[in-house]
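Written below as structure tokens is the structure these notes are about.
The values are calculated or read from the model by the stated rules, or taken from the named source; none is laboratory data. Quick caveat: nothing in here was measured; it's all calculated off a predicted structure. Quick reminder, even Gly has a Cβ in these numbers, built from the backbone with ideal geometry, and neighbours come from all protein chains shown.
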Amino acid sequence: MTTDTITAATSGTWTLGDLPVHRIGFGTMRLTQHGEALIEHAVPSDRDRAVSVLRRALDLGVNHLDTAAFYFSPLRSANELINRALAPYPADLVVTTKVGPGRDPSGAWLPHATPALLRGQVEENLRQLGRDHLDVVNLRIVGTDSIADRFGALADLRAAGLIRHLGLSNVRPAHLAEARAIAPVVCVQNAYGIGSPPEQDDLLRLCGEQGIAYVPFYAIAGAGRTAGASGSDSPEVLAVARTHGASAAQVRIAWTLSRGAHVLAIPGTGDPEHLAENVAAGALRLTADDLATLERAHQRLARSRDW
């Protein structure tokens, strides 16, 4: 399918709190490096290329960026790339960031931050992005413990004006209920795509019923997760792709968006051609037959639990 003239506006719009965004956004994790996600194996990305990709994303109508202070590799930080490429920021640009986990100088993951440390993580995001407030902050969860104290700390920072809206990442329904009892939640960001477990379908529907955006990550990579897509795909996805003259990645993005008007997409890439293809997926309209075919793949792969 042609990608040169298609913008993110074709994907439709959702409002995060009071912030309207196109349903196709851009995830910045892959901007900082080539190769493995673990920092000790990462090759820093080309700075000028990363900056050009970010600027091209805005040219293509993207107005929702997903980032985090812990998206970094040797010599590169996603937040600082965003700052360099896009500041002063357009008035309609929404930058969503995450706090909770962190890395030490070697790149090793640390346990989730305590409530006392979350303010420092928020301030680090503010510093790197060069902003006086953060549009949306997702509390990234590790494990199944109560989040009341951590989410409460973020709610206090929201009341203080450092954060405009709050969300959650990598959570279960109980976390969502716990958080909503403390402060409004505008989005839930979980791993989701063709073949993901049934409980994620349930959470997606729950978010829709409550007017909360559901924002999948790994929608293209699937079981490949941080390593990216495997290069092969299911026969059903490939068949639908051939029908539309599209890529398997575009079909996966379009399927994700078809799950509900409240579902957003944040595919990430450091390749400007892949960026244009991802944005163009917002214009791909799947037929009822396409959706039935992909639903069979979704159910079959979910039963295999290879996610």
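Residues checked against (1) of a type in the set (S, T, N, Q); (2) out of contact with any Asp or Glu (no Cβ under 6 Å at 6 or more places or on another chain); (3) closer than 25 Å to A8 by Cβ:
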| position | (1), (2), (3) |
| --- | --- |
| H175 | no, yes, no |
| V185 | no, yes, yes |
| S196 | yes, yes, yes |
| L204 | no, yes, yes |
| V240 | no, no, yes |
| R252 | no, yes, yes |
| I266 | no, no, yes |
| P272 | no, yes, yes |
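Residue under question is R55, and the condition is that it be surrounded by fewer than 18 Cβ atoms within 10 Å (Cβ to Cβ), in a helix (DSSP H, G or I), modelled with pLDDT of 95 or more and of a type in the set (D, E, K, R); does it hold? Yes; evaluated as a whole, the condition is true for this residue.
Residues that are touching a residue at least 40 places away in the same chain (Cβ under 8 Å), surrounded by 22 or more Cβ atoms within 10 Å (Cβ to Cβ) and in a strand (DSSP E or B) within region 141-194 comprise I163, G167, S169, C187, Q189, listed in sequence order. Restricting region 94-121 to residues that are hydrophobic (A, V, I, L, M, F, W, C) and surrounded by fewer than 18 Cβ atoms within 10 Å (Cβ to Cβ) leaves a set whose member that is modelled with the lowest pLDDT is A108. Among residues of region 18-47 being surrounded by 17 or more Cβ atoms within 10 Å (Cβ to Cβ) and in a loop (DSSP other than H, G, I, E, B), the one that is modelled with the lowest pLDDT is A37.
Of all the numbered requirements in (1) outside any helix (DSSP H, G or I); (2) surrounded by 15 or more Cβ atoms within 10 Å (Cβ to Cβ), D132 misses one, and that requirement is (2). Please go through region 258-272 and give me each residue that is surrounded by fewer than 18 Cβ atoms within 10 Å (Cβ to Cβ) and either at pLDDT below 95 or β-branched (V, I, T) (or both), ordered by number. Of everything in region 258-272, those that are surrounded by fewer than 18 Cβ atoms within 10 Å (Cβ to Cβ) and either at pLDDT below 95 or β-branched (V, I, T) (or both) turn out to be D271, P272. Scan region 186-206 for residues that are touching a strand residue (DSSP E or B) at 6+ places or on another chain (Cβ under 6 Å) and among the β-branched types (V, I, T) and the total you get is 2.
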